Structures are given as structure tokens and as C-alpha cells.
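Taking it in order: structure first as C-alpha cells, then the write-up.
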Amino acid sequence: MDGHSSKQAVRIPSETHKIDPALISNSAWKVLKGLIKAGYSGYLVGGAVRDLLLGRHPKDFDIATDATPEQVRKVFRNSRSIGRRFKIVHVRYGREIIEVATFRASHDNAEHSKDAQSDGGRLVRDNVYGTLDSDVWRRDFTANALYYDGSDQSVVDYVGGLEDVRNKQLRIIGNPETRFQEDPVRMLRAIRFAGKLDFKMDDEFEPLLHSQSALLKDGSPARLFDEMLKLFHGGSALKTFDLLRHYDVFRYFFPGAEQQFKREQDGAFLALVQAALKSTDTRIGQDKPVTPAFLVAIMLWNDVRYFANQGISKKVPPMQSWLNASQRVVSNQSRHLTIPRRFSLAAKEIWILQNKFSSRRGKRALSVLTHARFRAAYDFLCLRYESGERDLAETVTFWTDIQELPESEQLKLLHVKDRRAADRPEEKQHRPRRRRRNKSRRRSG
Ligand code: ATP
Ligand code: MG
């Protein structure tokens, strides 16, 4: 990145870049205008500008300004400071949150730049305030380093980003080796933009994805989870997954799954994962909700099934064996990738329901049908069938048909007299002991 501060910025007027201001959300406009009215600068930055140039709807709007976080707080009462890696301000309008960050100094220009790096050249602190022309150099790719000025709707470009967006070219800012060492997650971001936006990776850095990917091994498991969601919930999960495997970095997310892909002859588990990702893409394309729990349930499914069957072959009762296996796999996985508890609990429920789908009468079957996770578990079951588990045909037909029936017919089919029988005995295990006594009695009484 040497010598970059001498580079000249180009200002591209709105007639040339043709971004439609109406595609910028009202909330983002309120923040831009509010900052400018208070005497500060206000720029839309990052992915939003890139997406607007591509004619895509940005998923969120990030804003950069010369106001300090404290000053931003004073301009917007509906705001709060977020003290993550960098201090930024969230301005909230209803459900929409606009992220406002103060320009930062480029770390190699900043004083004490040595302090900001760990021994491996990794960036650990990057919070010295700066100006627009220092802020630009810390960004990862040229396509992500464009600034849309709220005051005159022009785009400020220091790095040839506009042309790169037009050509769908992914170019790294600065020395690729250094930038990947500073933050290995940038390699995953490159894969994400290539997968989702169909950008072509520059020859200057693409080979490094092979040679430097081992840096990801020491990444933060929490950050890896966030990145995983962006990779797989961006609408192009299937393509992104293929890229991750092509660069052999999928194993940093789910090592057990990757081992199975390499080991299996019939490609059955790979087919299941691909089917799941395809269905995720379809749902996102239709604006339907997706849950991380489903993704987690799919990716760890083979491990869980393996350990559950192992227990069963050693005469552990099936349900106990599934519970043990779920527990074991989730806790192993957390060394690589932090799965927030609410998602791992939901994934466990999806797995346990797979086992319970085999009962088709009585209380247990009714508890499946009335389970909060029934829908997700049923979708999971269908994917298993579609991706090759043909012996599930009857089970799938049964659970498909029964959903369409009126309640009285459902109960008849399940040989259950009344619905309250669905009070699920297994669930009690998860309830705190203290509460169990009174509540469960009241419910069943
Ligand atoms: P998305 O469409 O997924 O939101 P994005 O490019 O906006 O993509 P964000 O994670 O929202 O990604 O980050 C916003 C901007 O911050 C990026 O466009 C980039 O300029 C900068 N940025 C984010 N992460 C990094 C990083 N790891 N290294 C350097 N710059 C980054
Ligand atoms: Mg963004």
C-alpha cells in the first residue's frame, strides 16, 4: 500500500454513475441529510454503493462520516454506540439500523502502527480516526471502496473501483499477501463476492487463496459463524459452497462434513448438502425466511447420525443415543465455529424429530406433528428423501398427507383420542427441574 496517499481521487457526477437515489432507503437518507445539516460529511460506503451500481437492492446501508461517534450520537437521538472491534454508531428507524462509522486512519499511516498488529501481521486494533482519503485504504476490495456523497450525489473513487464494478472485477487494495495476513477472513469475503455477485477474482490474489488459506485455521470461531451466514444466506449458497470446496476452505467451517465428502463413494451426503443449499437459495429468491439452525442441522447431520448409530449398535436406547450424539457433535463443532445456543438447540430438535418420524401412531407421533420445529424437520426429511434415501418414501408420504387433513382426521390416523396427549414427555428433560413440578401438572390436568 506504499505511496497510496499520493493517489488522486476522482469525483464522478450522478449523471455519469447513474445511481438511482430512490434505491437508497429513506432511513439512510435521513442519516446522510442529518449529518450534513449538522455540518459534517455523510457518505454511503461499501457494499451498498457497489450494489447500487450493479442495480441490486443493497441489503443494508453503511455510512461514513468525519463526525466522531460522540458527535453522531448527538445528531441522532435514536442512536447508540456499539463497541465491537471498532466504535461505531447504530441509528435506528423502526426495524432498520443504519451503521455510521467515523473515517479511520489507514493503519500504515497511523501513529503506533506497530501496536496495531500482532506478531503474525494480523490486524488487532484499527480505531484511529482519520479522513476519507485515509479511510479508503483500509477497505478490502476496490469495488467496496467507493463513497457516495450525500451532499451532491457524486461518487468519490480513489482506486478505480467504479470501473472494476462495471467489469465485475474483484481487485484487492494494496498488497494481497499483506492484506490476507492482516485479516484472513478477507479470503472468505473474496469467495463470497465471487459467488454472489459473479465477480472475477484478480490473478494477482487468486492463487493466494490456495497457498494462504491455512491462515483461516486460527480465526475467531464467532466471526467464522457470522461469515458462514453471509456466505450461505446470500442467495447463491450452492455456487459459493462449490467455491469454498474448490479452495479447500470449507473444512474450516465443518471439518466433519468435509471429511465425509472426501470419504464417501456414493456422494450421498454431498447430494443432501447441495439439495439443502439449493432450497435455501430458492427460499431466499422468494423472500421466504431461512434459519441458521437448518443450515447447521444439515452440515452436522452426517456426524450426528454416525455417532447415534454407533451408540445404538452398542445397545444404547435410540432416543438416548441421538441425544448423546447431538450433544457431542455440537460441542465438538464449537472449537471451529461458534453456534449460538438458540440455533444449536433448534438443530438438535430437527435431528431428534428425524428419529421420531418413524413412529406413526400414538402420543409420540402426535408430539411430532404439533412440535414447533415440525416444519423445518419435515423439510429436512424431504431433502433426505429427494437426495437419495429412497427407503424414506412411506414416511415422507405419511407426513406429507397428514398435514393436509383436518385435526379430527389427524387424530384418527394417529390413533390418538385427544390432542392434549401431545404433552411431550421427552421435552421435560430440557425443562429446569424447579419449574417442572407445578407447571406440567397444571398443563396435563
Ligand atoms: P454485504 O453486501 O455483504 O453487506 P459489504 O461489502 O457491504 O457486503 P460489510 O461486511 O457490510 O460488507 O462491510 C462494509 C464495508 O466495510 C465493505 O464494503 C468494506 O469496504 C469494509 N470491510 C468490511 N470487512 C472488511 C475487512 N475484513 N477488511 C477490509 N475492509 C472491510
Ligand atoms: Mg454491507
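Observations, loosely collected:
- Helical segments meeting 15 Å axial Cα length and Kyte-Doolittle 0.5 threshold in the chain (DSSP H): 185-197, 268-285, 292-313
- The chain - mean residue ellipticity at 222 nm from DSSP helices (-39,500 (n - 2.57) per run, n ≥ 4, rounded to 500): -15000 deg cm²/dmol
- Highest GNM mean-square fluctuation among Gly161, Gly47, Gly83, for the chain modelled with Cα contacts below 10 Å: Gly83.
- Highest-MSF residue in the chain out of Asp379, Asp149, Asp401 [GNM, Cα springs under 10 Å]: Asp401
- For region 6-219: rounded, prolate or oblate by the Cα gyration tensor [a/c cutoff 1.5]: oblate
- Partner aspartates and glutamates for Lys412 [C-alpha distance under 19 Å; skip if fewer than 8 residues away on the same chain]: Glu394, Asp401, Glu404, Asp423
- Sequence of Tyr129, Tyr378 when ordered by accessible area, the most exposed leading, probe 1.4 angstrom: Tyr129, Tyr378
- Here Thr370 sits with roughly 40 square angstrom of accessible surface, probe radius 1.4 Å.
- Calculated FRET value between Ala393 and Leu23, using beta carbons and R₀ = 51 Å, to 0.05: 0.60
- Subtracting the Cα-Cα distance of His415 and Ser151 from 0.36 nm times their residue separation leaves 88.1 nm of extension gain.
- Subtracting the Cα-Cα distance of Asp248 and Gln310 from 0.36 nm times their residue separation leaves 19.5 nm of extension gain.
- Cross-link table Lys217/Lys356; Lys87/Lys217; Lys30/Lys87; Lys200/Lys278; Lys7/Lys168; Lys288/Lys417, entries beyond 31 Å C-alpha to C-alpha: Lys217/Lys356; Lys288/Lys417
- In whole angstrom, the chain maps to an equivalent ellipsoid with semi-axes of 47, 25, 21, each derived as √(5λ) from the alpha carbon gyration tensor and ordered largest first.
- The listed residues Ile97, Ile88, once ranked by accessible area (1.4 Å probe) with the largest placed first, stand as Ile97, Ile88.
- Excluding exposed DSSP-loop trypsin sites (Lys or Arg not before Pro) (at most 13 other C-beta within 10 Å), longest clean stretch of the chain: 96-313
- Using a simple spin-label model with pseudo-atoms 7 Å out from Cα toward Cβ, Ile402 and Ala9 lie 6.4 nm apart.
- Longest site-free stretch - the chain; sites: GluC sites (Glu not before Pro), DSSP loop, at most 13 other Cβ within 10 Å: 265-445
- Extension gain from Ala372 to Arg56, taking 0.36 nm per residue of separation minus the Cα-Cα distance: 110.3 nm
- Estimated FRET transfer efficiency when R0 is 30 angstrom, pair Asn78-Lys168 (beta carbons, to 0.05): 0.20
The values are calculated or read from the model by the stated rules, or taken from the named source; none is laboratory data. Since this is a predicted model, take the numbers as computed values, not measurements. Cβ atoms come from the backbone with ideal geometry, glycine included; neighbour counts cover every protein chain shown. Keep in mind that these areas ignore ligands, DNA and RNA; they rest on the heavy atoms of the full protein, side chains included. Shrake-Rupley method; radii C 1.70, N 1.55, O 1.52, S 1.80 Å.
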